[in-house]
Amino acid sequence: MMTLENQQVLAEQIRANLTHVRQRIVAACERVGRDPREVRLLLVTKTVPPERIRYAVEAGERLLGENRVQEALQKISALQDLPIEWHFIGHLQTNKVKDVLTFAQMVHSVDRLALVTALHKRLERLGRTLDVLIQVNTSGEPSKFGVPPEETLAFVRQVAAYPTLRIRGLMTIGALTEDTERIRACFRTLRQLRDLLVAADIPGVEPQILSMGMSSDFEIAIEEGSTLVRIGSAIFGPRPTPHTMYWPEDTPQAHSC
């Protein structure tokens with residue numbers, strides 16, 4: 001158990017990290033003439049214990065994203081006294097839909113009709129709707145989930161036929177590489193797909209959100225039009241838990257947020 005002094009040091013470090021990330025968001029916006037108010041910060045809290053999350057919320061953050069349902073449920077219980085907006089940002093299995101709908105105000109990872117059907121059926125029973133993002137595999141890497149870019153418009157039209165799902169935009173994960181131009185191309189592709197959706201003017205589709213950019217590449221994503229960046233390790237520090245816990249060997253893997 002941490003001493004009070006250690007708790008204060010940790011809280012201060014998280015506040016300092018948040019300040020630094022916010023400054024980097026502003027600087028990235030200024031480089032391309034964007035208003036920093038256009039970009040929302042979502043804290044990725046996978047493996048982060050509730051007490052650390054509490055420090056970030058006390059520092060002014062409200063938007064949090066979880067990758068695994070069971071872990072999310074435990075944290076939500078521990079932090080239920082705080083004004084948090086929870087999003088689900090990981091790959092969602094259809095057998096977890098019921099649990100996700102108990103807390104998620106948005107699901108970022110809609111990528112197949114089986115999931116769409118499962119969400120719709122449950123939402124119909126609940127008599128409610130859900131904001132969702134369509135996940136697109138802009139890198140073409142087999143290790144990533146998501147709809148291929150060339151199939152995105154048709155998939156959005158299919159999802160839009162389900163009245164319980166409110167499409168609010170697109171999500172992607174940049175290529176896992178040191179090649180910044182390749183990463184930039186992934187984000188540019190998503191922005192171009194968003195522009196196509198706007199031009200298509202599909203009833204019920206309001207694609208304002210571009211969820212792209214993580215700790216290693218969020219400044220590039222902002223320069224390419226991101227409106228929501230998903231940041232974890234740049235705020236909470238390196239994760240002690242093996243990444244394979246979140247991306248099992250028999251499923252596609254994604255790099256850390």
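Just so it is clear, none of the values below were taken in a lab; they were calculated from the coordinates. From a predicted model like this one, the values you see are computed outputs, not experimental measurements. Please note: Cβ atoms are built from the backbone with ideal geometry, for glycine as well, and neighbour counts cover all protein chains shown.
Please work out the FRET efficiency for the pair K121 and R40, using the Cβ-Cβ distance as r and a Förster radius of 45 Å; give the result to the nearest 0.05. Spell out each step's value before the answer.
Numbers: r = 30 Å, r/R0 = 0.67.
After rounding, the FRET efficiency stands at 0.90.
Provide the per-residue ³J(HN,Hα) series for the range 162-168, in order, calculated from phi with Karplus coefficients 6.51, -1.76, 1.60 and θ = phi - 60°, each as a whole number of Hz, with x at glycine and proline positions.
9, x, 7, 10, 9, 6, 10
May I ask you to derive the relative contact order of the chain, considering only C-alpha pairs under 8 Å and at least 6 residues apart, and to give it as an integer percent? Numbers along the way, then the final one.
Details: 450 pairs, mean separation 48.9, N = 257.
Relative CO of the chain lands at 19 percent.
At 222 nm, what value in deg cm²/dmol follows for the chain if DSSP H runs of at least 4 each add -39500 (n - 2.57) and the sum is divided by all its residues, to the nearest 500? All intermediate terms of the calculation are to be shown ahead of the outcome.
Details: 9 runs with 105 residues, N = 257.
Taking each H run of at least 4 residues, the total per residue is -12500 deg cm²/dmol.
Kindly write out, for the range 203-214 in residue order, the coupling ³J(HN,Hα) from the Karplus curve 6.51 cos²θ - 1.76 cosθ + 1.60 (θ = phi - 60°), rounded to whole Hz, with x marking Gly and Pro.
My calculation for the range 203-214 gives x, x, 9, 10, x, 7, 8, 10, 8, 7, x, 10 Hz in order.
What does the highest-first list of 116-129, 41-54 look like by mean Cβ count within 10 Å?
Numbers: 116-129: 15.1, 41-54: 20.2.
The most tightly packed comes first, giving 41-54, 116-129.
Running a GNM on the chain with Cα contacts under 10 Å, which residue among F88, F145, F103 ends up with the highest mean-square fluctuation?
F103
Would you work out which of A56, Q158, L176 lies farthest towards the positive end of the dipole of the chain? Charges go on Cβ: Lys and Arg +1, Asp and Glu -1.
Positive-end residue among those listed: Q158.
Read phi for every residue in the range 185-199 and hand back ³J(HN,Hα) as whole Hz from Karplus 6.51 cos²θ - 1.76 cosθ + 1.60, θ = phi - 60°, with x for Gly and Pro.
Taking θ as phi minus 60°, the curve returns 4, 4, 5, 5, 4, 5, 5, 5, 5, 4, 5, 5, 5, 4, 5 Hz for the range 185-199.
What does the charge add up to near V159, with Lys and Arg as +1, Asp and Glu as -1, over the other residues with Cβ less than 11 Å from its Cβ? List each step's numbers first, then the result.
Details: positive: R112, R157, R166; negative: D111.
Charge balance near V159 sits at +2.
Using a Förster radius of 25 Å, what is the FRET efficiency between T3 and L73 based on their Cβ-Cβ separation? Nearest 0.05, please. It would help to have the intermediate numbers written out before the result.
Details: r = 30 Å, r/R0 = 1.18.
After rounding to 0.05, the efficiency reads 0.25.
Amide H to amide H, which residues 5 or more places from R40 or on other chains are under 5 Å from it, using H placed in the peptide plane?
L228, V229
Could you tell me how far the Cα centroid of the range 13-83 sits from the Cα centroid of the range 115-130, in Å?
28 Å
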